[in-house]
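Have a look at the structure below, then the notes.
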Amino acid sequence: METLLNVPEGQFELQRLPQRKHEKLRAWDAADEYLLQYLSENCNLSSATRILIVNDSFGALAVALHRFNPVAISDSYLSRQATLLNFAANDLPEDCIQLRNSLDWPEQQLDLVLIKVPKTLALLEQQLIQLQPLLTAETKIIAAGMVKAMPASVWKLMERYLGPTKPSLAKKKARLIFISLNTQIAWSANPYPVYYQLENTGFRICNHANVFSRESLDIGTRFLLQHLPKNTNAKDIVDLGCGNGIVGLMLADYYRESHLYFVDESYMAVASAKETFRLAFDHRQADFCVTDGLTEFETESMDLIVCNPPFHQQNTVGNQIALSMFKQSQRVLRKGGELWVIGNRHLAYHIDLKKIFKEYNEIASNAKFVIWQVIK
Ligand SMILES: C[S@@+](CC[C@H](N)C(=O)[O-])C[C@H]1O[C@@H](n2cnc3c(N)ncnc32)[C@H](O)[C@@H]1O
């Protein structure tokens, strides 16, 4: 796989995360290349230019623009780690970049804002709202993305919150959108997080903008909640890929004596889970971890792991992350510990589960979903 990004700013070695043996995908896309080429030809950047990069996938923009000390903001732990890894791989000092998470916005005004259009429209909306007070009539604002990832709804949001947009020509199926700030547009209040009441319970579920199924209970999650493990003696329980924390919340409700660990690679997900849990159990302790799966968990330290795995990372679809979560679970479970997984029937997770755990039990299924249990 091609790992050398060749742009007017220089040549840079770039890797994706998580690393995979036979990686077929590059750590950047044609929109990154287009944007970097545009900047070098049209913008006179200096280290005094206050640059904000939003949603850089694996650090391609941050690495290429490192000489200008940009600030980069992302909701993904893996993006953040990839950016650090790619800085190190190119012998760039980490103090060239200020990395922030999606709930920690800078406060100073900006000269240049570069937005990689995210998959989730609500995240884009929240980011545009957060940007409003940081912009002046002089700020240059450029959004970049693959044409197929920028439907009319994306343009409408930019016009609603910032001002008129102008498209570039498309190049290798990528496009830039130039946004001029309309200073007459009033700043909006951030509508996130949003809350909903979990059916048949008194629990309120907190959802930041980038959270899976933020407006209502997902049908797969509902099915999982109907079949959660009962009668276990599990002391240490992980909600792996916790999103808003709804699965861990219900497990905590059944198992009042157990300790819950909520894990997600999205900062907004973990913040949502933390708030969901706090609203439900004011004084109860739990752990909330923004990290890549179970990488930071000790071997044989958990009794029960429940997981509704992600089926895509940013724009890439596949079983890879689920597979890595199953392998990690095998390491992290105590002997006799259990992993419970829900998946779309067509994802056929039982094949990988059988390879790793030898046997599996089908706990429940309907036309769309299956729940499997494996025991270490
Ligand atoms: C299908 S959602 C499930 C959310 C929630 N548990 C539910 O059932 O409603 C999968 C979650 O996995 C998270 N995720 C993706 N990659 C991850 C990784 N490498 N480590 C931890 N969590 C990850 C996503 O951010 C997302 O919140």
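The values are calculated or read from the model by the stated rules, or taken from the named source; none is laboratory data. Bear in mind the structure is a predicted one, so any value in this text is a computation, not a measurement. Glycine gets a Cβ as well: all are built from the backbone with ideal geometry, and neighbour counts include every protein chain shown. Protein only, heavy atoms only, side chains kept; ligands, DNA and RNA dropped before computing areas. Shrake-Rupley method; radii C 1.70, N 1.55, O 1.52, S 1.80 Å.
For region 23-35, residues that are out of contact with any Leu (no Cβ under 7 Å at 6 or more places or on another chain) and of a type outside the set (D, E, K, R) total 3. Just to be sure, is ASP111 within 14 Å of the ligand (Cβ to nearest atom) and of a type in the set (D, E, K, R)? For ASP111, the condition - within 14 Å of the ligand (Cβ to nearest atom) and of a type in the set (D, E, K, R) - is not met.
In this structure, GLU296 qualifies as within 15 Å of the ligand (Cβ to nearest atom) and free of Cβ contacts under 8 Å to residues at least 24 places away in the same chain.
From the list ILE321, ILE363, which one is within 15 Å of the ligand (Cβ to nearest atom), on the phi < 0 side of the Ramachandran plot and in contact with a strand residue (DSSP E or B) (Cβ under 7 Å, 6 or more places away or on another chain)? Exactly one of ILE321, ILE363 is within 15 Å of the ligand (Cβ to nearest atom), on the phi < 0 side of the Ramachandran plot and in contact with a strand residue (DSSP E or B) (Cβ under 7 Å, 6 or more places away or on another chain), namely ILE321. Among what's in region 238-277 and is in a strand (DSSP E or B) and within 11 Å of the ligand (Cβ to nearest atom), pick the residue that is nearest to the chain's Cα centre (by Cα). So, considering only residues that are in a strand (DSSP E or B) and within 11 Å of the ligand (Cβ to nearest atom), the one nearest to the chain's Cα centre (by Cα) is SER266.
Going through (1) assigned to a loop (DSSP other than H, G, I, E, B); (2) within 23 Å of ASN69 (Cβ to Cβ); (3) in contact with a Phe, Trp or Tyr (Cβ under 9 Å, 6 or more places away or on another chain) one by one, ASN44 falls short only on (3).
Answer with yes or no whether PHE178 is farther than 19 Å from ASP287 by Cβ, part of a helix (DSSP H, G or I), over 19 Å from the mean Cα position of the chain (by Cα) and hydrophobic (A, V, I, L, M, F, W, C). Considered against the rule, which asks whether it is farther than 19 Å from ASP287 by Cβ, part of a helix (DSSP H, G or I), over 19 Å from the mean Cα position of the chain (by Cα) and hydrophobic (A, V, I, L, M, F, W, C), PHE178 comes out as no. Residue check: VAL54 meets all listed conditions (1) at pLDDT 95 or above; (2) closer than 30 Å to GLN132 by Cβ; (3) surrounded by fewer than 22 Cβ atoms within 10 Å (Cβ to Cβ) but one, namely (3). For region 154-172, the criterion of being loosely packed, with under 13 Cβ neighbours inside 10 Å and among the hydroxyl-bearing types (Ser, Thr, Tyr) is met by none of the residues. Residues that are charged (D, E, K, R) and modelled with pLDDT of 95 or more within region 119-147 comprise GLU125, GLU138, LYS140, listed in sequence order.
For ALA82, the criteria (1) open to solvent by 20 Å² or more (accessible area, probe 1.4 Å); (2) in contact (Cβ under 8 Å) with a residue 60 or more places away in the chain; (3) within 25 Å of PHE212 (Cβ to Cβ); (4) not hydroxyl-bearing (Ser, Thr, Tyr) hold in every case but one, which is (1). Note on region 201-219: residues that are within 11 Å of the ligand (Cβ to nearest atom) and either outside any loop (DSSP other than H, G, I, E, B) or among the aromatic types (Phe, Trp, Tyr) (or both) amount to 4.
Only residues that are surrounded by fewer than 18 Cβ atoms within 10 Å (Cβ to Cβ) and of a type outside the set (Val, Ile, Thr): list them for region 353-375, please. Those that are surrounded by fewer than 18 Cβ atoms within 10 Å (Cβ to Cβ) and of a type outside the set (Val, Ile, Thr): LYS354, LYS355, LYS358, GLU359, ASN361, GLU362, ALA364, SER365, ASN366, ALA367, LYS368. Restricting LEU135, LEU99, LEU103, LEU92 to residues that are open to solvent by 10 Å² or more (accessible area, probe 1.4 Å), within 16 Å of the ligand (Cβ to nearest atom), under 27 Å from SER47 (Cα atoms) and not small (Gly, Ala, Ser) narrows the list to LEU103. Looking at GLU41, GLU94, just one residue is at pLDDT below 95 and charged (D, E, K, R), and that residue is GLU94. Kindly indicate whether LYS156 is without any contact (Cβ under 8 Å) to a residue 12 or more places away in the chain and over 22 Å from the mean Cα position of the chain (by Cα). Spelling it out, LYS156 is indeed without any contact (Cβ under 8 Å) to a residue 12 or more places away in the chain and over 22 Å from the mean Cα position of the chain (by Cα). Going through LYS235, LYS230 one at a time, which residue ends up being without any contact (Cβ under 8 Å) to a residue 60 or more places away in the chain and over 23 Å from the mean Cα position of the chain (by Cα)? After applying the criteria, what remains is LYS230.
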